[in-house]
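The values are calculated or read from the model by the stated rules, or taken from the named source; none is laboratory data. On a predicted model such as this, the values are computed, not experimentally measured, just so you know. Cβ coordinates were reconstructed from backbone atoms using ideal geometry, including for glycine residues, and neighbour counts include every protein chain displayed.
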Amino acid sequence: MSKPRRLGGPRDLSQLMNATLGTARIAKGVQRARAILAWPQAVGPEIARLTRPRSQQGGTLFVEVRDSATAHHLTMQRHHFLKSLNALLGEERVTEIRFSVGTVRAPPPPPRVAPLPAPDRARAQALVRNVDGDLKQVALRAAEAITRARKWREEQGWRPCPVCGEASQEQPCRACTLTLEDPNVRRAARTLTRAPERLAALPALLGDSGTNAARFLALALLEEQLDLLALECVRSGGEAGYRGFLAQQAEMYLALAHRRPRGTLKPEDRAALPERVRQVLEAGR
């Protein structure tokens with residue numbers, strides 16, 4: 001009966017030699033592959049599109065090109081490529097580069113960039129309505145450029161920022177996200193939930209962006225309160241106290257949503273209320 005083979009025990013010389021030679025062959029193949037992989041970085045994107053490194057034999061790298069004229073031109077420049085390539089390879093140096101005609105795919109055409117649309121002249125006029133004198137035309141041209149960029153973003157599928165209204169991939173846009181974190185803006189938002197008529201005075205204190213951000217935050221706070229009050233109205237069976245407070249808070253919300261004094265609100269303005277709140281108020285009429 002033969003003895004079972006000892007796993008992990010000493011191996012004979014042929015096994016050790018095969019393992020050693022196999023490792024060396026792998027290492028040599030990796031070294032050769034490094035030159036081929038480093039070629040695009042060494043020569044740059046323009047030359048890389050016209051060439052295809054095929055193989056390496058010893059210190060010679062063989063590179064294919066599309067035609068003989070290109071092969072001749074690049075052969076005259078090969079010393080520059082050798083210098084760049086060896087700087088990337090370190091110790092494993094390439095001593096020669098040989099160019100030959102082969103199969104190289106034609107470079108793909110550059111992606112077409114959609115042209116900017118025509119400016120939105122009505123929107124541009126609105127942007128410069130407060131500009132007078134010699135600066136009017138300069139400001140109008142700048143505003144038209146802004147509207148063209150905005151229309152282009154909208155055509156690419158960007159949505160209006162819920163704070164400033166500008167087309168943006170991010171919701172809210174990056175600038176408004178930073179503004180929403182401003183402590184002064186947050187304090188102003190809490191004030192607006194109690195006194196929406198103060199919205200008109202905020203641009204002098206916070207600017208237009210800060211005012212828009214404070215209004216956005218105030219509307220979010222009021223909407224949360226309205227949802228809770230509407231739920232309590234339903235639970236209490238339409239108790240008059242809850243419903244009266246709900247109607248009062250709804251006026252605050254609508255005054256901010258429409259940027260109008262509460263006294264000027266009309267019944268049709270309630271369409272801007274959250275659906276649940278509107279349903280509760282209409283059910284109690």
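Tabulated data
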item	result
Qualifying position, being of a type outside the set (V, I, T), in a helix (DSSP H, G or I) and on the phi > 0 side of the Ramachandran plot, among G244, G237, G207, G165	G207
Matching residues in segment 208-260 - criterion: being basic (K, R) and buried (at least 17 other Cβ atoms within 10 Å of the Cβ)	R215, R243
Qualifying position, being within 30 Å of Q57 (Cα to Cα) and either out of contact with any strand residue (DSSP E or B) (no Cβ under 9 Å at 6 or more places or on another chain) or not hydroxyl-bearing (S, T, Y) (or both), among G165, G90	G90
Segment 132-161, residues that are loosely packed, with under 15 Cβ neighbours inside 10 Å and either outside any helix (DSSP H, G or I) or touching a Pro at 6+ places or on another chain (Cβ under 6 Å) (or both)	D132, G133, D134, Q156, G157, R159
Residue within segment 153-174 that is modelled with pLDDT of 85 or more and within 28 Å of V280 (Cα to Cα) present	yes
Selection from segment 181-196 of residues that are touching a helix residue (DSSP H, G or I) at 6+ places or on another chain (Cβ under 7 Å) and in a helix (DSSP H, G or I)	N184, V185, R186, A188, A189, T191, L192, T193, P196
Of all residues making up segment 250-270, the number that are over 16 Å from L222 (Cα atoms) and of a type in the set (A, V, I, L, M, F, W, C)	1
